[in-house]
Amino acid sequence: METKVLVVDDSIVVRQVVSFMLTTAGYVVVQAVDGNDALTKLNTDNISMVITDLNMPGMDGIELIKQIRRASTYRFMPVVMLTTQSQECKRQEGKAAGATCWICKPFTSAQLVGIVKKVFTLRP
C-alpha cells in the first residue's frame, strides 16, 4: 500500500518544496491550498498523513486539525504542523488540537523525511 501524504499550505512554493522532498523519499503527495481544500481531499483520497501550515486564510492549521480529529476515521492519523511559528503557546495550542508533532520553517529534507518516517512508526 502506498503512503499518501496530504500537504496543506497556502504557499505554492512551500507545497512544491515539501512535495519534492517527500516524493524523492518515496511518498505519494496530494496538495491542498487551505483547510477547506484539505478536508475535501481527505474525504476523497486515501490519505495516510497530513502536513499542514499554521497560518492560512479561511481555515488555519489549528482549526483543520480540530476538524480532522472530530472524525473518528482520522482520530489516529498523524498530523504534522509545519510553520514559521515557534512560540511555546502556539505549540501548546497545536498539541491541544491534536497535532502529532511540529516542524519549524526553515527545515531540511533530512529533517522533514526523518519526522515523517518517525511519525509513521509511532502509529497505533
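The values are calculated or read from the model by the stated rules, or taken from the named source; none is laboratory data. Since the structure is predicted, the reported quantities are computational estimates derived from the model, not experimental observations. When we count neighbours, we look across all protein chains shown, and the Cβ atoms used for this are built from the backbone with ideal geometry, even at glycine.
Checking VAL17, VAL7, VAL13 one by one, the residue that is in contact (Cβ under 8 Å) with a residue 12 or more places away in the chain and either aliphatic (A, V, I, L, M) or within 18 Å of GLN111 (Cβ to Cβ) (or both) is VAL7 and no other. Does VAL50 count as of a type in the set (A, V, I, L, M) and surrounded by 18 or more Cβ atoms within 10 Å (Cβ to Cβ)? For VAL50, the condition - of a type in the set (A, V, I, L, M) and surrounded by 18 or more Cβ atoms within 10 Å (Cβ to Cβ) - is met. Taken together, GLU93, GLU63 contain a single residue that is more than 22 Å from SER19 (Cα to Cα), over 15 Å from the mean Cα position of the chain (by Cα) and not in a loop (DSSP other than H, G, I, E, B), which is GLU93. Look at the range 94-105: where a residue is aliphatic (A, V, I, L, M) and a partner is surrounded by fewer than 17 Cβ atoms within 10 Å (Cβ to Cβ) and assigned to a helix (DSSP H, G or I), sitting 6+ places away or on another chain with Cβ atoms under 6 Å, you get ALA97/LYS66.
Hey, can you tell me all the residues within the range 33-83 that are among the β-branched types (Val, Ile, Thr) and modelled with pLDDT of 90 or more? Before the answer, list the steps.
Initial filter on the range 33-83 (among the β-branched types (Val, Ile, Thr)): 33, 40, 44, 47, 50-52, 62, 65, 68, 73, 79-80, 83.
VAL33, THR40, ILE47, VAL50, ILE51, THR52, ILE62, ILE65, ILE68, VAL79, VAL80 - these are the residues of the range 33-83 that are among the β-branched types (Val, Ile, Thr) and modelled with pLDDT of 90 or more.
Filtering ASN55, ASN46 for residues that are within 15 Å of the chain's Cα centre (by Cα), under 14 Å from THR3 (Cα atoms), assigned to a loop (DSSP other than H, G, I, E, B) and touching a residue at least 12 places away in the same chain (Cβ under 8 Å) leaves a single hit, ASN46. Taking the criterion of being over 23 Å from GLN87 (Cβ atoms), free of Cβ contacts under 8 Å to residues at least 60 places away in the same chain, out of contact with any Lys or Arg (no Cβ under 8 Å at 6 or more places or on another chain) and of a type outside the set (A, V, I, L, M), the residues of the range 20-43 that qualify are PHE20, THR23, GLY26, ASN36, ASP37, THR40, LYS41, ASN43.
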